[in-house]
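Encoded as structure tokens, the structure appears first; notes follow it.
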Amino acid sequence: MPPKLTGAAPLFGVNLSARQLIEIGLWLERNGVEFYRFLSEDQKDPGLRDFFLRLTGMEIKHENWLRDLLRGQPAEPLSKLAFDESLSGREYFLRLRGLVEEKVFPLGLNFITELEGFKQPRDALPAAMRAEVQSVRLYQFLSEFRLDPAARQTVQLIITEEEAHQKEIETILRSLE
């Protein structure tokens, strides 16, 4: 069940806009495309390669959905944040984006060691589901920032879409059994 995102007092005083939330989503989906594409290229088993290619396609579909959402958002000027006069809102946003990279779609050496255990799609499912669960958690975390009504609606839309993505992965797995 999606969290209630309306009416709660924000835990963080930094305001995130709908555009920034969508940009984070685009960045995560792009990482997901690369993550699953990388996994598909490493596989000798055609079933496992096809599984990862399906996940790649799902990420591309979500990326396109977010691009469509972004087209309707106004451009935002750079502005300095009150708590750090040397850090613009955009720079803070880019740092925030960088910090979540390792939590959702890891591409480093730690993950590569997991690849050896992937012999069939079922073996890879926990890694795919972990990425999707972490993605939902990220958006739930971002919902704790100060959000205007449009941003709050956007984060809820993205959470709902990510939860649907989890169900799609479960459906794919069932179809492979």
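The values are calculated or read from the model by the stated rules, or taken from the named source; none is laboratory data. Because the structure is predicted, anything quoted here is derived from the model rather than measured. Note that we place each Cβ from the backbone using ideal geometry, even for glycine, and neighbour counts take in every protein chain shown.
Could you check segment 147-177 and list, in sequence order, the residues that are out of contact with any Leu (no Cβ under 7 Å at 6 or more places or on another chain) and not in a helix (DSSP H, G or I)?
ASP148, GLU177
When the residues of segment 50-83 are narrowed to those that are modelled with pLDDT under 85 and charged (D, E, K, R), which ends up farthest from LEU138 (Cα to Cα)?
Going through the qualifying residues, I end up with LYS80.
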